[in-house]
1. How big is the chain by Rg and Dmax over its Cα atoms, in Å?
2. How long are the three semi-axes of the equivalent ellipsoid for the stretch 73-150, computed from the Cα gyration tensor as the root of 5 times each eigenvalue, in whole Å, largest first?
3. In terms of modelled amide H atoms, which long-range or inter-chain residues lie less than 5 Å from the amide H of Leu262?
4. Report the far tail of the P(r) of the stretch 185-260, meaning the percent of Cα-Cα pairs longer than 22 Å.
5. If each residue of separation counts as 0.36 nm, what is the full-extension length gain between Ser315 and Ala333 once their alpha-carbon separation is subtracted?
6. Just how large is the dipole of the stretch 310-363 about the Cα centre, in debye to the nearest 20, putting +1 at every Lys and Arg Cβ and -1 at every Asp and Glu Cβ?
7. Which trypsin sites (Lys or Arg not before Pro) in the stretch 175-271 pass both tests, a DSSP loop state and at most 15 other beta-carbon atoms within 10 Å?
8. Could you pull out the chymotrypsin sites (Phe, Trp or Tyr not before Pro) across the stretch 250-353 that fall in loop regions by DSSP (anything but H, G, I, E, B) with no more than 14 other Cβ atoms inside 10 Å?
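Readers should treat all values here as calculations from the given coordinates under stated rules, not as data from a laboratory. All values derive from a computational prediction rather than experimental measurement. A quick note on method: Cβ atoms are made from the backbone with ideal geometry, for glycine too, and the neighbour counts reach across all protein chains shown.
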Amino acid sequence: MYSQVGEEQEASRTVMRWDVVIYCPDTHILYDATLPDRKGVGGGLMARLRLAQALARQGHQVTVIAHVTRPHVHGGVAYLPLDQADRKRTADVLVLVSSGGALSLEPALALPIQASLREVWLHGFVPIQGLDRLSFDFIIPCSNFILDVIRKDWDLAERPAFVIYNGFPRVASRIGSLLRRRHPFRLIYTSHPSKGLATALRVLDKLRARDPRYHLYVFGGDALYGGRDTPLPHQPGVTYMGTRGQPQVLRALESSAVAILLQDRPEPFGMVLTEAMHCGAIPVASPVGAYLEIVRHGWNGILVSGDHRSEEVQSEAAEWIHRLTQRPDWAAAIRRNAMQIPWDWDTQARAWADHWAWVLRGQGRWLEGQACPTCEGRLLQAADGPHCTACGRYFPYGPS
């Protein structure tokens, strides 16, 4: 059901190595490449580090220029501090991104990097300062939702686009072993508290009124955005973990039955969602932002409509979770479907490279006999599935 390139197509892929520079002028967090594994970070910073590492694993030459502590090499990626951004250099591809802090690409106006392809990677729906004066060739939204927002609300209606999802780190465990060690009453919340933690706690209260074995593990805090975590007051059935390194979060997801993702923020993408799905924690989520294009209700997750702060929605979410607990065969089927999502970072890095091969070399595999259902454009079959080369939309479940 998911759109993926078959093994024969993958084996026949023409290997091209690209010289890639990822530039981010955000200064709200000072970091090095090991930060996601040591302490955990927000989605934008996590995405650029993981993409850079995945590209390097595939043999590309990758340099990240950002607010890092010092020049260093990690995982095959060269990291340079922002005070070295004024050095002249050339590259095949320059990826410009701002995902936090001032949300500005104005420093990129003076960037002395000559690149064959200049792209702006978009992670949110708040306009980025300096974008109107910046020279670039493509926008790369992280979801169809963000593509629609910027087409409607930003002055980018005529800019070429190519949607590429963010990835997740693939866990080594097989589905069977994950299912055997999962606790049926263990719930998990893995995001900044502002996104819906209060709702998750109220849903837990309703569940514990039915069965005190329900337990919620809470990961995430202000440290995700460069601040300090504030521990929760003691509450029965809650274990507060705060901001932790990604490997620890993934292990917790592997042992949890359900991930509670009820919120009103229109999620630009939501790596917490795909990480939960890949690890087998069934998402019970609000149909907001990109969640609507990733979750198929009743097949690979549960969507609960309405105001997540309302008694009605919280009761409905609790009822869905209790049904999943009481019907383990049904839960196992949803879990298996969720765990089949294809968007690990290595796949998404190949999707970026397929996009570059099409733009810079005119090479690519085309989905013959089918056109984009939105604009009737031609569909490029990238590593993660079909992408429209006219309007830029991605079809995670195929173009039908």
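1. Just the Cα atoms of the chain yield Rg and Dmax of 21.0, 64 Å.
2. Three semi-axes, in Å: 22, 14, 14.
3. So Leu262 has HN proximity to Ser286.
4. Value for the stretch 185-260: 18 percent of Cα pairs lie more than 22 Å apart.
5. 4.1 nm
6. That gives the stretch 310-363 a dipole magnitude of about 360 debye.
7. Qualifying residues, ordered by number: Arg181, Arg213, Arg228.
8. Trp299
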